[in-house]
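Notes follow once the structure below has been shown.
What follows is calculated from the coordinates using simple rules that are stated; it is not laboratory data. The structure displayed is predicted, hence computed values, not measured ones. Here the Cβ positions follow ideal geometry from the backbone for every residue, glycine too, while neighbour counts run over all protein chains shown.
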Amino acid sequence: MDTALTLTTDMKLVLGLVGFTMLMFVFERIRADVVALVVLVLLGLTGLVAPEDIFSGFSSDAVINVIATMVLGAGLDRTGALNRLAGWLLRRARGVEQRLLLFTSAVAGFNSAIMQNTSVTALYLPIASRLTARTGLSLSRLLMPMAAAIIMGGSLTMVGNSPLILLNDLLVSANANLPSGVATLEPLKMFAPLPIGLALLAACLLYFHFFGGKLLPTDGDKGVTPARTQSYFANTYGIQGEVFELTVSADSPLVGMTLGEAETLHGAPLLLALKTGNESRLAPPGDSRIWVGSVLGAMGARQQVADFAQNNFLRLSSRLREFGDLFNPSRAGISEAVVPPTSRFIGKSAADLRLRKQQGISLLAINRDKEVHNDNIRNMTLRAGDMLVLHSIWTDLADAAKSRDFVVVTDYPKGEQRPHKFKIAMVIFGISMLLALSSRIPTTIALMTGVAGMLVTGVLKMDEAYAAISWKTVFLMACLIPLGWAMDSSGAAAWIAGHSIEQLPRGLPVWLIALALGLLTTSFSMVISHVGATIVMVPLAINLALAVGGDPTGFALIVALSASNNFITASNPSVSMITGPAGYSAREMWRAGGPLTLIYTAIVVVAVNLMF
């Protein structure tokens, strides 16, 4: 490779856009998908990507594969497949902690081979909650091994995680800029990384089986344990489970107030229900008016509620005459939910979201970085990883959770919607995977065949399929793909690779350069998204391989695998979803995830060098 490339204006523009993207992702002042859109527009305005290609990312195989895996996962979940799995895990584990950790992590890891890591984590959080409720095992002992297995299991196939899904598109686009005489880069088959994925998953299971007891927190009270719901919420959040009815008298100062105004009064308990006239409502909107004869459903310590009633001329009753049905535990209750990185809640407050008015959900508290917030939470701006304490009717909670703006951790009563479609869904899924194994049918067509089958047979409805797709993830990926193309076509990747080689000692082994590439990608993924790290680093890896005599496909695969090698920071979506429910501190995440990161890198570099 020519290492004397001149730094052109186009190269400077591309590198400037890469730097801008990284800074925006690190500081999070602007939403990631907005940043991606700005970058896409700038690529078009500067002419770095041709006008006819600028929006091609939306029709790329990578985007279609992401959509298909999300819909297929939703179809399996809709039939109750994962609920059956939870029961199977309990039977096999027989109450032994090590066995439960091993089985749960292994099954979750294999599931992530054909579903997006974020989707698998969201589906397994309630399962983990159910398992801890029945066994007494703390979530902090279960979630870290499970999330690590999900991340490593995503390396089993080319559709298990976003970096691997992106890889084939980036390999194909790189062919247009390869030097003459270099062999064309071929897309990798569906199960090309299977040996590497099996080695990674096995290493993860062995790591936590033999060392997990020393590395994971031993505090048995950590995490959500639904079997102890009342004591858990009382101890953790100061939320008492006792409910009272307060009838408003003609002399009460609350008459004419809105519910939101009443909640701000000194000593006010949690006001969870309101009856005015013949209408009773749980989680009433904050602008609902209180009138003479209105009945409030209040939750708090008996003395607190009694003092509030006396000070405001309310008639107190501990017997639920009006709200008995609404507060029935089988119908309503308290739950915990985590805000995922793809949520539209991020950057907004509860007041902005109007949860009570639009979704029938009351926000009681927010747990952020192990600090519980109870006061003025309506005006707190939400962040990814926040734990929300909610009170609602279970059916309202289930409807709101369909948006995927929060993932419910608590195992709450809900029926399996289409268990009679279980066998049909499994057959369709099996056919889809067999088609994907065929070298004659592209993976995108194979996966979409499964999606079409689930829709035609009624496993999923079309609206449910739309709801299953994380459009933020899809949009982010589609907008950033052209940045990878620009890195390659402008020569910026070749320029960086050439100058990097000049700085290295001569005669350095190729495997050592590959190791450095893996560690660099891992470092990038810890501060920016794994999608961003893949798009920036794959063109660089290909050019670096050509410069040192390595295999371009192998180097690119190291990057794609290393982009998911993050068990420590919240930039990995799966990690951000477990830190809140399990109550992990940053020190605990580094202690358990740090060695695993090094093991991951070593396995990937050795395996790729053996395979390529």
Inset, instruction - Work out, step by step, the length gained on full extension between Lys357 and Val510: first 0.36 nm times the residue separation, then minus their alpha carbon distance; give nm to one decimal. - result: 49.0 nm
Legend entry - Leu178/Arg440 FRET efficiency (R0 25 Å; Cβ-Cβ; nearest 0.05): 0.45
Inset, instruction - Count charges around Ala365 for me, please; just the other residues with Cβ under 11 Å from its Cβ, Lys/Arg as +1, Asp/Glu as -1. - result: -3
Inset, instruction - Kindly express, to the nearest 10 degrees and within the range 0 to 90, the angle between helix 586-611's C-alpha long axis and the longest C-alpha principal axis of the chain. - result: 30
Inset, instruction - For Lys214, list the aspartates and glutamates whose Cα falls under 20 Å from its own Cα; do not include residues on the same chain fewer than 8 positions away. - result: Glu97, Glu588
Inset, instruction - Please turn the phi angles of region 549-566 into ³J(HN,Hα) values with the Karplus equation 6.51 cos²θ - 1.76 cosθ + 1.60 (θ = phi - 60°), one per residue in order, whole Hz, x for glycine and proline. - result: x, x, 8, x, 5, x, 5, 5, 5, 4, 5, 4, 6, 5, 5, 9, 7, 9
Inset, instruction - Grab the Cα-Cα distance for Met426 and Arg368, subtract it from 0.36 nm times how many residues apart they are, and report the gain in nm with one decimal. - result: 17.0 nm
Inset, instruction - Would you mind calculating the gained length between Trp590 and Arg331 on full extension (0.36 nm times residue separation, minus the Cα-Cα distance), in nm to one decimal? - result: 89.2 nm
Legend entry - Qualifying trypsin sites (Lys or Arg not before Pro) in region 95-203, DSSP loop, other Cβ atoms within 10 Å at most 14: none
Inset, instruction - Sticking with the crude label model, points 7 Å out along Cα→Cβ, report the distance from Arg344 to Met462 in nm, one decimal please. - result: 2.0
Legend entry - ³J(HN,Hα) computed for each position of region 311-316 - Karplus, 6.51 cos²θ - 1.76 cosθ + 1.60, integer Hz, glycine/proline x: 5, 10, 6, 10, 8, 8
Legend entry - Acute angle (nearest 10 degrees) that the helix 162-174 long axis makes with the longest principal axis of the chain, alpha-carbon atoms: 30
Inset, instruction - Obtain the nm distance between the two label points defined at Phe211 and Ala50 by a simple spin-label model: each point lies 7 Å from its Cα along the Cα-to-C-beta direction. - result: 5.1
Inset, instruction - Read phi for every residue in region 12-21 and hand back ³J(HN,Hα) as whole Hz from Karplus 6.51 cos²θ - 1.76 cosθ + 1.60, θ = phi - 60°, with x for Gly and Pro. - result: 4, 5, 5, 5, x, 5, 4, x, 4, 4
Inset, instruction - Describe numerically, in nm with one decimal, the distance between label points set 7 Å from Cα along Cα→Cβ at Trp291 and at Leu23. - result: 5.8
Legend entry - Label zone at Glu263 (point 7 Å along Cα-to-Cβ), backbone N below 14 Å, region 293-324: 297-299
Inset, instruction - Starting from the Kirkwood radius over alpha-carbon pairs of the chain, derive D by Stokes-Einstein at 4 °C in a medium of 1.567 mPa s and give it in µm² s⁻¹. - result: 50
Inset, instruction - Among Tyr600, Tyr584, Tyr466, rank each residue by its count of other Cβ atoms within 10 Å, from fewest to most, as a rough exposure measure. - result: Tyr466, Tyr584, Tyr600
Inset, instruction - Project the alpha carbons of region 332-408 onto their principal axes and report the range along each, largest first, in whole Å. - result: 29, 25, 21
Legend entry - On Cα atoms only, tilt of 97-111 relative to the major axis of the chain in degrees: 60
Legend entry - Amide hydrogen neighbours beyond the local backbone of Ser529, cut-off 5 Å, H modeled: none
